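Asks: The structure that follows is given in the form of structure tokens.
The values are calculated or read from the model by the stated rules, or taken from the named source; none is laboratory data. Worth saying up front: this structure is predicted, and the values here are computed from it rather than measured. Note that each Cβ is placed from the backbone with ideal geometry, even for glycine, and that neighbours are counted across all protein chains shown. These area figures cover heavy atoms from the full protein model, side chains too; ligands, DNA and RNA do not enter into them. Shrake-Rupley method; radii C 1.70, N 1.55, O 1.52, S 1.80 Å.
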Amino acid sequence: MPGLVPGIHDLTATTASKTWMAGTSPAMTTWNSNKGLHMSSTSSNTIPTIDDIVIIGGGLAGLFCALKLAPRPVTVISAAPLGQGASTAWAQGGIAAAVAEGDSAEAHAADTVAVGGGLVDEAIALGIAREAPDRIDDLLRYGVPFDRDLAGKLAVGREAAHSARRIVHVRGDMAGKAIISALITAVRQTPSIRVIEGHVADELLTEGDTVTGLQIRKASDPGARAVTIPARAIVLATGGIGHLYAVTTNPAEASGHGLAIAARAGAVIADPEFVQFHPTAIMVGRDPAPLATEALRGEGAVLINGHGERFMTAQHPLAELAPRDIVARGVFAEIAAGRGAFLDARTALGASFADKFPTVYASCRAGGIDPADAPIPIAPAAHYHMGGVAVDAHGRTSLHGLWAGGEVSSTGAHGANRLASNSLLEAVVYAGRIAEDILGHVFPTVSHHTAAPETPRGQRTGDEMRLRRLMTSNVGVIRDGDGLAAAVRDFAAIETDAATSPLRNMATTALLVATAAWARRESRGAHDRSDYPAERPALAQRTRTTLTTARAIAASLADGARVAKTPLIA
Ligand SMILES: Cc1cc2nc3c(=O)[nH]c(=O)nc-3n(C[C@H](O)[C@H](O)[C@H](O)COP(=O)(O)OP(=O)(O)OC[C@H]3O[C@@H](n4cnc5c(N)ncnc54)[C@H](O)[C@@H]3O)c2cc1C
């Protein structure tokens, strides 16, 4: 990986390093568009003939990539029916793009760098910002009805920490729904795209450093027999990890399965400890929790505790409009102190609430709260994962044949904290780049006789909720060494003894997040350690880790030692 992801904080120093696929391979062959991949299949659980490009995930990253690959045949595997189980569909704000007069890609990149806690890869951030207008044009061509002003130009909104109005949106808070429905329509009209819905990928097959296929099974049946799909190019587009937490805004499908299968195949993982918490998830007993958009605070809604006191005014000059991580910590502290936290829009919006924020209003009413008359109970919720499968500027992972795009990947664009509305942008930019890269790629010849990987045979079932609670309590908004070590030990035990693939995958990703959070002994961006409250300049590097490293850290903590015996941190 050297040269591709600069400034890395290497947790893998004691393990064998992987080579990246930027170089050439001795036995190369060009993809032939007239040939499918002919499988000599005698096994009943192998799909015999299949397109050799498989995209795992049906959100923005997956569907956009499939469309950009057309007319080349591609199979999309989606855990849920298209349109469901994808964070994309729930996006309320929109996509950041410097399309307004007076704005520039340079200004956009500078804002991205400013919030990223010193870890944003500036060249990557600038590259993404520069491509934004072209990708917005693509989305318009696929039928996304972005709002326009009276002159017919794209209407742009403003969001926290953006120095200009640059959020393109659809009918107020409907961007995600509009994007996903336009893409689904386009996909359904594209004959080269085959979609397999209601199936999850729960294993990648490898030969050495090359990914040769995957195993899928019915999403509704964790015990179902896996089906093997050989592939020469796999694009991981499985979204985030928010649902590993008990309090989250993410759909259940965002449980880190994609990250886990890549890590188990040997892929390098970057920055897993950096998880962004949204400060104002609505606590009305729903899982996932509905979101009270930041725009409400922009309209003057304030944060109060159970005594009716505003608590953010004492913590930051911008009070409720302080950066997202600071507000999340303020809300967390009030709840931890037993005072509770509420979003109060009674004065700022009152009777106009329903008109101005119909989605949030509906969520409150469904929970028995009228936000025009009563404060809304809130809590910080796991919202976005800055970390993920490490990729280069083409979306290539450290494994041959495996690309990753969207929230499951880590490009370096977000550093330790994400700028609002940059994630949809990153997803669409990298999905486009991955398609281009695959179209021009030469693939090595592999035998496709890979042995089936081990399936979980442990005893533990039903531990999902316990794992999620532990993530929220010990690997959440505020962390400390002891709590993280305890979580690491638990996740390692669950991973070893899981009886089902979903539980094992959740534990694998939880282990990667918790070990990297344990190893980063400082507070930076969204990662807050109460035992190391200061940012340490010497640690201003991105994290690079693998599952082998995470397991080694877990083993070193297994005896209850507070500090690992082996120095695994650079
Ligand atoms: C409530 C909410 C509001 C947001 N608002 C904004 C916003 O305004 N602007 C912005 O930029 N970002 C926003 N985000 C973040 C943004 O929506 C996501 O980062 C982005 O949509 C991720 O796109 P994706 O394609 O990577 O993943 P997703 O859209 O989550 O799609 C992932 C796909 O993978 C499938 N999948 C998962 N695991 C498997 C598996 N093992 N096998 C097969 N399929 C699998 C899922 O079913 C889904 O189809 C928001 C997020 C949330 C939750």
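Asks: Would the stretch 388-409 turn up any residue that is hydroxyl-bearing (Ser, Thr, Tyr), touching a residue at least 40 places away in the same chain (Cβ under 8 Å), over 30 Å from ILE282 (Cβ atoms) and within 16 Å of the ligand (Cβ to nearest atom)? Break it down stepwise before answering.
Replies: Going residue by residue through the stretch 388-409, those that are hydroxyl-bearing (Ser, Thr, Tyr) are 397-398, 409.
From what's left, touching a residue at least 40 places away in the same chain (Cβ under 8 Å): 397-398, 409.
So of that shortlist, the ones also over 30 Å from ILE282 (Cβ atoms) come out as 397-398.
Those still in the list that are within 16 Å of the ligand (Cβ to nearest atom) too: 397.
Scanning the stretch 388-409, I find at least one residue that is hydroxyl-bearing (Ser, Thr, Tyr), touching a residue at least 40 places away in the same chain (Cβ under 8 Å), over 30 Å from ILE282 (Cβ atoms) and within 16 Å of the ligand (Cβ to nearest atom), so the answer is yes.
Asks: Taking the options ALA125, ALA182, name whichever one is surrounded by 19 or more Cβ atoms within 10 Å (Cβ to Cβ), closer than 25 Å to THR238 by Cβ, free of Cβ contacts under 8 Å to residues at least 60 places away in the same chain and of a type outside the set (Ser, Thr, Tyr).
Replies: After ruling out the rest, the residue left standing is ALA182.
Asks: I want to confirm something. Restricting to the stretch 346-374 and keeping residues that are of a type in the set (Val, Ile, Thr) and out of contact with any Gly (no Cβ under 8 Å at 6 or more places or on another chain), which single residue is surrounded by the most Cβ atoms within 10 Å (Cβ to Cβ)?
Replies: Of everything passing the filter in the stretch 346-374, VAL360 is surrounded by the most Cβ atoms within 10 Å (Cβ to Cβ).
Asks: Only helices (runs of 4 or more DSSP H) wholly contained in the stretch 422-541 count here; list those with 2 or more residues that are closer than 30 Å to ALA175 by Cβ and open to solvent by 60 Å² or more (accessible area, probe 1.4 Å).
Replies: The qualifying helices (runs of 4 or more DSSP H) are 422-439.
Asks: How about the stretch 361-397: which of its residues are outside any strand (DSSP E or B) and touching an Asp or Glu at 6+ places or on another chain (Cβ under 8 Å)?
Replies: CYS364, PRO375, MET386, GLY387, HIS394, GLY395, listed by residue number.
Asks: Here's a follow-up. Which numbered condition trips up GLY118, out of (1) surrounded by fewer than 20 Cβ atoms within 10 Å (Cβ to Cβ); (2) touching a Gly at 6+ places or on another chain (Cβ under 8 Å); (3) at pLDDT below 95?
Replies: Evaluating GLY118 over (1) surrounded by fewer than 20 Cβ atoms within 10 Å (Cβ to Cβ); (2) touching a Gly at 6+ places or on another chain (Cβ under 8 Å); (3) at pLDDT below 95 leaves (3) as the failure.
Asks: Of all residues in the stretch 288-322 being within 16 Å of the ligand (Cβ to nearest atom) and within 15 Å of PRO380 (Cβ to Cβ), which is surrounded by the fewest Cβ atoms within 10 Å (Cβ to Cβ)? Explain how you work it out, then say what you get.
Replies: Step one: filter the stretch 288-322 for residues within 16 Å of the ligand (Cβ to nearest atom), giving 288-298.
From the residues that got through so far, the ones that are within 15 Å of PRO380 (Cβ to Cβ) too are 288-294, 297.
On the way: PRO288: 21, ALA289: 26, PRO290: 20, LEU291: 22, ALA292: 26, THR293: 18, GLU294: 21, ARG297: 24.
Here the residue is THR293.
Asks: Out of the stretch 95-111, which residues are among the aliphatic types (A, V, I, L, M), open to solvent by less than 40 Å² (accessible area, probe 1.4 Å) and either within 15 Å of the ligand (Cβ to nearest atom) or in contact (Cβ under 8 Å) with a residue 24 or more places away in the chain (or both)?
Replies: ILE95, ALA96, ALA97, ALA98, ALA100, ALA105, ALA107
Asks: Something else about it: Quick check on this structure: which one of GLN92, GLN84 is modelled with pLDDT under 95, assigned to a loop (DSSP other than H, G, I, E, B) and within 14 Å of the ligand (Cβ to nearest atom)?
Replies: On the way: GLN84 fails: modelled with pLDDT under 95.
Unique residue meeting the criteria: GLN92.
Asks: Quick check on the stretch 162-187: of everything there that is more than 12 Å from the ligand (Cβ to nearest atom) and touching a Phe, Trp or Tyr at 6+ places or on another chain (Cβ under 7 Å), which residue is nearest to TRP90 (Cα to Cα)?
Replies: My answer is ALA182.
Asks: Taking the stretch 333-345 only, how many residues are crowded, with 16+ Cβ neighbours inside 10 Å and either of a type outside the set (D, E, K, R) or without any contact (Cβ under 8 Å) to a residue 40 or more places away in the chain (or both)?
Replies: Residues that pass the stated criteria total 8.
Asks: Oh, and also: Please work out if GLY330 is open to solvent by less than 60 Å² (accessible area, probe 1.4 Å), within 22 Å of ALA91 (Cα to Cα) and at pLDDT 95 or above.
Replies: Against the criterion (open to solvent by less than 60 Å² (accessible area, probe 1.4 Å), within 22 Å of ALA91 (Cα to Cα) and at pLDDT 95 or above), GLY330 does not qualify.
Asks: To continue, here is another question. Would you mind stating whether ARG232 is of a type in the set (D, E, K, R), under 22 Å from THR455 (Cβ atoms) and either more than 12 Å from the ligand (Cβ to nearest atom) or at pLDDT 95 or above (or both)?
Replies: Criteria not met by ARG232.
Asks: Being farther than 24 Å from ALA420 by Cα, touching a helix residue (DSSP H, G or I) at 6+ places or on another chain (Cβ under 9 Å) and open to solvent by 10 Å² or more (accessible area, probe 1.4 Å) is the requirement here; does THR546 meet it? Spell out how you get there, then give the answer.
Replies: On the way: farther than 24 Å from ALA420 by Cα: yes; touching a helix residue (DSSP H, G or I) at 6+ places or on another chain (Cβ under 9 Å): yes; open to solvent by 10 Å² or more (accessible area, probe 1.4 Å): yes.
So THR546 fits the description; yes.
Asks: Away from the ligand (no atom under 12 Å from the Cβ), outside any helix (DSSP H, G or I) and closer than 17 Å to ILE53 by Cβ: is that true of GLY213 in this structure?
Replies: Answer is yes for this residue.
Asks: Okay, moving on. Please enumerate the residues belonging to the stretch 420-439 that are farther than 16 Å from LEU139 by Cα and near the ligand (Cβ under 9 Å from one of its atoms).
Replies: ALA420, the sole residue that qualifies.
Asks: State whether the residues of the stretch 354-373 include one that is more than 30 Å from GLU131 (Cβ to Cβ), out of contact with any Pro (no Cβ under 9 Å at 6 or more places or on another chain) and of a type in the set (A, V, I, L, M, F, W, C). Show your work before the answer.
Replies: So in the stretch 354-373, the residues more than 30 Å from GLU131 (Cβ to Cβ) come out as 354-358, 360-373.
If we keep only those that are out of contact with any Pro (no Cβ under 9 Å at 6 or more places or on another chain) as well, we get 355-356, 358, 368, 370-373.
Filter once more, keeping what is of a type in the set (A, V, I, L, M, F, W, C): 372.
Among the residues of the stretch 354-373, at least one is more than 30 Å from GLU131 (Cβ to Cβ), out of contact with any Pro (no Cβ under 9 Å at 6 or more places or on another chain) and of a type in the set (A, V, I, L, M, F, W, C), which makes the answer yes.
Asks: Could you identify the single residue in THR190, THR238 that is within 22 Å of GLU436 (Cα to Cα), within 11 Å of the ligand (Cβ to nearest atom), open to solvent by 10 Å² or more (accessible area, probe 1.4 Å) and assigned to a loop (DSSP other than H, G, I, E, B)?
Replies: Answer to the check: THR238.
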